[in-house]
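First the structure, in the form of structure tokens, and then the observations on it.
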Amino acid sequence: FSKDAFRLYLERMDFNKRFLLASDVEAFKMYETRIDDETNAGTFKFFDLSYEVLQERMKEAQGYYRELLAQPFDYQADEEIELDEEKREFATTRNDLKELWRKLLKYQTLARITEDMEKQEKAHAENDTVTLKTFDELEKSSREFLLKSNDRFFERMSKWEREDQKEVYINSIVNVYGPHTGFFPP
């Protein structure tokens, strides 16, 4: 039971594996078989630890995306990234995590540039007086868009209070009984 609740909470806490380090997850594992005991005792040691670590890691991630989006990416580098979160491991170091953020942001920037290029080419085909933006202009506007998008995400997350995250934790426990079992706070 505890292992299922642990796995579910870990997925919900950081499904994309963009915040926690492998060492964080390893430290959490001491609670992997204790969640039922904590629930019976009415204690929240694992939740308290995981909440504090997640808050710290999210603050670090804010620095990553802001720094990385401040300048153009190197599009000449031959790189790979695993986009399937289930196949991706948690980063081992903060540098590895920052590198993951860099590759994800670079990928998202390229996807946005491609989408914008297709839109402007279609508009230009329909009306040849439409001015086409250069790659550099599209790249800059894509990074600006992603900066605003991430700012909004982190702003929403900053409004989450401890009790909101505790609700995720408790629902991870009760969802082990079934997907239609849920905890609703008063």
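None of the figures in this text is laboratory data; all of them are computed from the coordinates on show. Keep in mind the model is a prediction, meaning the values are calculated, not measured. FYI the Cβ positions are ideal-geometry reconstructions off the backbone, even for glycines, and counts take in every protein chain you see.
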Problem - Loop sites in region 103-186: chymotrypsin sites (Phe, Trp or Tyr not before Pro), DSSP, at most 12 other Cβ within 10 Å - result: Tyr177
Handout entry: Anisotropy class of region 61-148 from Cα gyration tensor, a/c 1.5 cut
Key = prolate
Completion exercise
Within region 85-186, pairs of Lys residues whose Cα atoms are less than 14 angstrom apart, provided they are eight or more positions apart or on distinct chains, add up to 5
Practice task
Round to a whole angstrom and tell me the spacing of the C-alpha centers of region 9-41 and region 150-186.
Solution key: 14
Handout entry: Within the chain, helix-based [θ] at 222 nm, where runs of 4 or more DSSP H residues each add -39,500 (n - 2.57), nearest 500
Key = -21500 deg cm²/dmol
Fill in the blank from the handout: With label points set 7 Å from each Cα along the Cα-to-Cβ direction at Asp136 and Asp96, the distance between them in nm comes to 3.7
Handout entry: Sequence-distant lysines (8 or more away, or on other chains) whose Cα lies within less than 17 Å of Lys3
Key = Lys29, Lys45
Fill in the blank from the handout: Residues of region 1-25 with backbone N under 19 Å of the label point set 7 Å from the Cα of Asp37 along Cα→Cβ are 1-7
